[in-house]
Amino acid sequence: MISQKTIASWMICFLLLLLLPIAFSEPTRNLKGTSARAPTVQQIRNKEVIVDNGIVRVTFSNPKGLITGIKYNEIGNVLNPYLRARGYWDITWQTENNSLPKLDRIEGTNFRIITQNEEQVEISFSRTWNGGSDHIPLNVDKRYIIRTNTSGIYTYGIFERQPEWPEVEMGLIRVAFKLNPDRFHYMVVADNRQRQMPTDDDRDIHSGRAKLLAYKEAVKLTNPHNHMFKNQVDDKYQYSCEVKDNKVHGWISTKSNVGFWLISPSGEYRSGGPVKQELTSHVGPTTLTTFISQHYVGPDMETRYKTGEAWKKVLGPVFIYLNSDSTRNNLQHLLWEDAKRQTEQEVEAWPYGFVASSDFPTRQERGTITGRLFVNDRFLAPAGYAYIGLAPPGEAGSWQTNTKGYQFWTQTNETGYFTIDNVRPGTYNLYGWVHGFIGDFKYQNLVNVAAGSEISLDRVVFQPPRNGPTLWEIGVPDRTAREYFVPEPYENTMNPLYLNHTDKFRQYGLWQRYTELYPNHDLVYTVGVSNYSQDWFYAHVTRNIGGSTYVPTTWQIVFELPYVNWRGSYTLQIALASAARANLKVRFNNEYSRPLLSAGVGRDNAIARHGIHGAYHLYSIDVPGRLLRTGTNTIYLRQSKAVGPFEGLMYDYIRLEEPSTA
């Protein structure tokens, strides 16, 4: 008789055999029937350049340097065969003489092979500016690298202007890929931001498939090809992502079992710091890497170059990665997890040692900065999990609008220690901010980084703005409006991805809910009674009174003071998480008195673009004690611009301080 122990052993072995295919179903990166080999370069009648490493076969237009084809894993071209512009760099720009921006797709005029050996091929498509107004006054060198046994393409660009060239403004520099719409329908931005997507044709407002909403990027899908998308909203800004989190995103073809990913291993070449938001992937199917833009900051970004100003910057490299899986078991999960693993490898390998340009320093040619950050707000404490970074010299917080130099950011550990490594040689300021405290940190001395240097700053101290003890506060100083009341979306204009989601603020039209909640009077918040997560609307917007007519709104903060120091000076700290063509007026105890603050502020457009923050602003307002009363007091916050629905503010944090006891 067979024992129970033997039967149990057989059952375990049987289960293990069943699990083996799953356990070893790692995504494959090789073309079926071929093997990886040293990359080759082939020029076809001076019109095309083809680079092939046995895994990917990439076709470029010659000498323009546009990527016209990527052959991978039985797909003849993963890019859109119906478009001329499929894989390209571009810039939007304008001069003093042109009021409207131009688009320059940076088409090269000269092709060169920079490197060709057993390990890799690096090729160049460059263009030198020789005057004229057809192209932006820049010298541009687009580089592409394809390595042996690598499933993808690296690309970077070297951009340079001479000081004697005309003044120019560059609003956007990016790399874009338009994928094959017959194959790619599933998009991934993050673990909790991925979904089946509508098609570009579904957005066509002229054919009756979609209805234009409050601005051109947002449409309601009224008659999509797939009925599951009916009445959903599509807007590319719903998939924006902060730079610090924007390391990998892309598309999956469930038809071909293939993933297409854009991997950004570093933030050094991006603009605006670690929490600036940028576009990622969106309907098209399109996937982007944006290096410089005004998104979520607006025209305050330093994108203008004056005559006499020289500039040179290397943007990238970024990695276009392709993967595949033949098992079809949990395809989306497997390909996404593999893309994240590949991203970790790219981050670990940064800065790449295989880049040929001398303008890209190797690891040995860079420096390291270490130190420990403290925050001194009534008492000294380690600044745990603070953001701290090196950026070009400027005022505190100037990194938010800087596009011209490189930035290197990290977070301190729980006890305030930090290491910023792989820093390009140069002169920087050390900047930062600390969760739970208002204001921007700037180290008093310049930091000069040389090749191979190891700089220890030992202890650095941030003293956030404060004039006296806190009387009361609203919100959490975290540079966002995330903690405030974000309403539910409209059922007929929603994106199902963000139902019951931590990013529910990305739903379309939430600003309209303010008029419904406050049709006749504005928000009144009573300190000690109201709850900011329920009673403070996430955005101080205008009120719609019918049709396209909007009016300013005045919010009130009501608070009690048992005693007033008539001769003292109180301080109202107002930190803004966002502002869009707003004018904030602050008054105490008289709605019609002369305002203590009247500030036209912001053009970041974060309200319309589903961002819970944009550019950060801080106002420290002196409040004479004679304006306050023993007992009940009221602060009037008036947003006085009301051309349309999108003029407004998002508050980060508000605090009233007693007069200083120092």
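Per-structure values
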read-out	value
Residues satisfying the stated conditions in the range 484-513, i.e. of a type in the set (S, T, N, Q) and assigned to a helix (DSSP H, G or I)	Gln512
Residue satisfying all of: in the range 614-633; over 16 Å from Gly439 (Cβ atoms) and in contact with an Asp or Glu (Cβ under 8 Å, 6 or more places away or on another chain); surrounded by the fewest Cβ atoms within 10 Å (Cβ to Cβ) among these	Gly631
Total residues in the range 462-498, condition under 21 Å from Ala396 (Cβ atoms) and either in contact with a Ser or Thr (Cβ under 8 Å, 6 or more places away or on another chain) or not β-branched (Val, Ile, Thr) (or both)	9
Checking Arg581 against (1) in contact with a Gly (Cβ under 9 Å, 6 or more places away or on another chain); (2) farther than 29 Å from Ala214 by Cα, the condition it does not meet	(2)
Candidates Arg506, Arg459 - the one that is surrounded by 18 or more Cβ atoms within 10 Å (Cβ to Cβ), farther than 26 Å from Ser660 by Cα and out of contact with any Ser or Thr (no Cβ under 6 Å at 6 or more places or on another chain)	Arg506
Residue ID - surrounded by the most Cβ atoms within 10 Å (Cβ to Cβ), chosen from residues in the range 269-289 that are hydroxyl-bearing (Ser, Thr, Tyr) and either assigned to a strand (DSSP E or B) or under 11 Å from the mean Cα position of the chain (by Cα) (or both)	Ser271
Single condition Arg459 does not satisfy, out of (1) in contact with a strand residue (DSSP E or B) (Cβ under 7 Å, 6 or more places away or on another chain); (2) among the basic types (Lys, Arg); (3) outside any strand (DSSP E or B)	(3)
Pair list, Cβ < 6 Å and 6+ apart or interchain, from the range 421-447 residues that are farther than 14 Å from Ala386 by Cα and outside the structural domain of Val314 (by TED's automatic domain parsing) to residues that are assigned to a strand (DSSP E or B) and of a type in the set (Phe, Trp, Tyr)	Val423/Phe408; Val447/Tyr428
Leading residue by the ranking (nearest to Ile388 (Cα to Cα)) among those in the range 254-268 that are in contact with a helix residue (DSSP H, G or I) (Cβ under 8 Å, 6 or more places away or on another chain) and part of a loop (DSSP other than H, G, I, E, B)	Gly267
Extreme residue, farthest from the chain's Cα centre (by Cα), among residues of the range 290-341 that are of a type in the set (Lys, Arg) and at pLDDT below 95	Arg328
Out of Val623, Val643, sole residue that is in contact (Cβ under 8 Å) with a residue 12 or more places away in the chain and in a strand (DSSP E or B)	Val623
Which listed residue is part of a strand (DSSP E or B) and under 30 Å from Leu279 (Cα atoms), from Tyr636, Tyr653	Tyr653
Any strands (runs of 3 or more DSSP E) falling wholly within the range 59-129 and containing at least 1 residues that are in contact with a strand residue (DSSP E or B) (Cβ under 9 Å, 6 or more places away or on another chain), surrounded by 14 or more Cβ atoms within 10 Å (Cβ to Cβ) and charged (D, E, K, R)	67-72, 87-94, 102-104, 120-127
Neighbours by Cβ (under 9 Å, 6+ apart or cross-chain): first from the range 158-173, of a type in the set (Gly, Ala, Ser); second in a loop (DSSP other than H, G, I, E, B)	Gly171/Pro101; Gly171/Ser293; Gly171/Gln294; Gly171/Pro299; Gly171/Met301; Gly171/Thr303
Segments classed as strands (runs of 3 or more DSSP E), wholly inside the range 346-456, with at least 1 members that are out of contact with any strand residue (DSSP E or B) (no Cβ under 7 Å at 6 or more places or on another chain)	417-423
Every residue from the range 46-58 that is surrounded by fewer than 21 Cβ atoms within 10 Å (Cβ to Cβ), outside any strand (DSSP E or B) and in contact with a Ser or Thr (Cβ under 9 Å, 6 or more places away or on another chain)	Lys47, Gly54
Filtered residues of the range 619-656 (kept if of a type in the set (S, T, N, Q), more than 28 Å from the chain's Cα centre (by Cα) and closer than 14 Å to Arg587 by Cβ)	Asn633, Thr634, Ser640
Pairs with Cβ under 6 Å, 6+ apart, first in the range 203-232 and assigned by TED's automatic domain parsing to the domain that holds Pro285, second exposed (fewer than 13 other Cβ atoms within 10 Å of the Cβ) and not in a strand (DSSP E or B)	Asn223/Gly208; Asn231/Asn492
Complete set of residues in the range 323-335 that are surrounded by fewer than 24 Cβ atoms within 10 Å (Cβ to Cβ) and closer than 26 Å to Lys236 by Cα	Leu331, Gln332, His333, Leu334
Exclusive hit being at positive phi and touching an Asp or Glu at 6+ places or on another chain (Cβ under 9 Å), set Gly452, Gly439	Gly452
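Matching residues to (1) modelled with pLDDT of 95 or more; (2) surrounded by 15 or more Cβ atoms within 10 Å (Cβ to Cβ):
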{"residue": "Asn531", "(1), (2)": "yes, no"}
{"residue": "Gln534", "(1), (2)": "yes, no"}
{"residue": "Tyr538", "(1), (2)": "yes, yes"}
{"residue": "Thr542", "(1), (2)": "yes, yes"}
{"residue": "Gly547", "(1), (2)": "no, no"}
{"residue": "Tyr550", "(1), (2)": "yes, yes"}
{"residue": "Thr553", "(1), (2)": "yes, yes"}
{"residue": "Ile557", "(1), (2)": "yes, yes"}
{"residue": "Pro562", "(1), (2)": "yes, no"}
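The values are calculated or read from the model by the stated rules, or taken from the named source; none is laboratory data. Just so it is clear, the structure is predicted and the values come from calculations on it, not from any experiment. Cβ sites come from the backbone with ideal geometry, for glycine too, and all protein chains shown count toward neighbours.
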